[in-house]
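Data first, discussion second: the structure below is written as structure tokens.
The values are calculated or read from the model by the stated rules, or taken from the named source; none is laboratory data. As the structure is a prediction and not an experimental result, all values here were calculated from the model. All accessible areas refer to the heavy atoms of the entire protein, side chains included, with ligands and DNA or RNA removed. Shrake-Rupley method; radii C 1.70, N 1.55, O 1.52, S 1.80 Å.
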Amino acid sequence: MNINWYPGHMKKTRELIKEQLKLVDVVYELLDARIPLSSKNPDIDGIIGNKPKVIILNKIDLADPQITSKWVNYFKEEGMTVIPVNTITGEGIRQVIEESQNAIKEKMDALIKKGRKARPARIMIAGIPNVGKSSLINKLAGRKSTQTGDRPGVTKGKQWIRLKGDMELLDTPGILWPKFEDPIVAQNLAFSGAIKDEIMDTETLAYKLLEILWNDHKEKVIERYKINEEYNSTIDIMDHISRNRGCILKGDEIDYSRISNIILDEFRSGKIGRISLERP
């Protein structure tokens with residue numbers, strides 16, 4: 001799956017992050033717990049340099065908990081601060097606030113020592129589209145501060161938001177990178193919804209996702225779609241699911257467009273099960 005693109009707003013976001021970085025104390029790098037490496041923008045580390053950073057593994061409610069635990073260990077072994085988060089239940093939110101305060105304690109203590117008043121910690125949040133930035137911010141703020149949506153591109157520009165724990169956060173739009181060198185990375189991003197479906201061939205995408213799920217998570221597919229026989233081809237599995245779901249056109253033709261959207265939506269919402277597509 002060859003995806004090459006770099007819309008103008010992505011370039012603007014990159015420039016915005018660079019420009020505003022001097023105003024912040026800590027950067028939150030938000031990753032999708034199902035695809036931590038694929039959702040890690042390789043440009044971010046170069047942009048933020050030595051600025052303190054907290055990696056937040058979001059959407060842990062959609063990922064395999066055992067694999068998420070392995071990812072936490074992986075990032076810690078790399079010397080990074082990492083926190084798994086569920087923005088629906090609030091799991092991990094308190095730890096995010098504590099880590100942010102720890103990261104700037106030395107700077108604030110120095111200000112007080114000079115006789116100046118400690119100011120709110122300033123944080124920037126960065127990540128790919130549709131990784132859950134707005135949901136995380138609303139949890140951190142304790143109120144609905146930003147618009148959320150299960151699609152990329154909801155956040156349009158920069159905005160400062162007051163958080164709990166005497167902190168201020170600069171939200172930025174989701175940013176992808178100019179070229180996906182690894183086709184698996186592009187594929188994983190498309191599966192997760194980080195790339196807009198409007199520019200994708202969703203039938204091919206759903207077919208590929210179903211193929212992977214059948215090979216690696218067969219029991220979850222069987223349970224979700226009530227499959228009671230063995231299939232050797234992905235298209236036969238898709239046809240079976242289509243008939244079970246009533247995705248049939250006139251002349252007993254399979255409605256591949258409709259069933260493709262169902263499979264993608266049910267993976268993204270966790271209805272097929274808690275599935276991680278990457279292992280450390």
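Taking every alpha-carbon pair in region 164-250 and binning the separations at 10 Å intervals from zero gives 13, 35, 26, 15, 8, 3, 0 percent. Only helices enter the 222 nm calculation for the chain: every DSSP H run of n ≥ 4 contributes -39,500 (n - 2.57), and dividing by all residues gives -13000 deg cm²/dmol, rounded to 500. Once the 1.4 Å probe is applied to the protein heavy atoms, the chain comes out at 49 Å² accessible per residue. The eigenvalues of the Cα gyration tensor, multiplied by 5 and square-rooted, give the chain an equivalent ellipsoid with semi-axes of 39, 19, 16 Å from largest to smallest.
Could you please state how large a percent of the accessible area of the chain is carbon and sulfur, counting protein chains only and using a 1.4 Å probe? All intermediate terms of the calculation are to be shown ahead of the outcome.
Details: 6420 of 13840 Å².
The nonpolar share, carbon plus sulfur, comes to 46 percent.
Quick check on region 1-132: take the gyration tensor over C-alpha atoms, sort the square-rooted eigenvalues as a ≥ b ≥ c, and tell me if it's rounded (a/c under 1.5), prolate or oblate. Oblate, since a/c reaches 1.5 and b/c is not below a/b. A straight Cα-to-Cα reach below 19 Å connects K271 with the lysines K59, K208, K218, K220, K226, residues fewer than 8 places away in its own chain not being considered.
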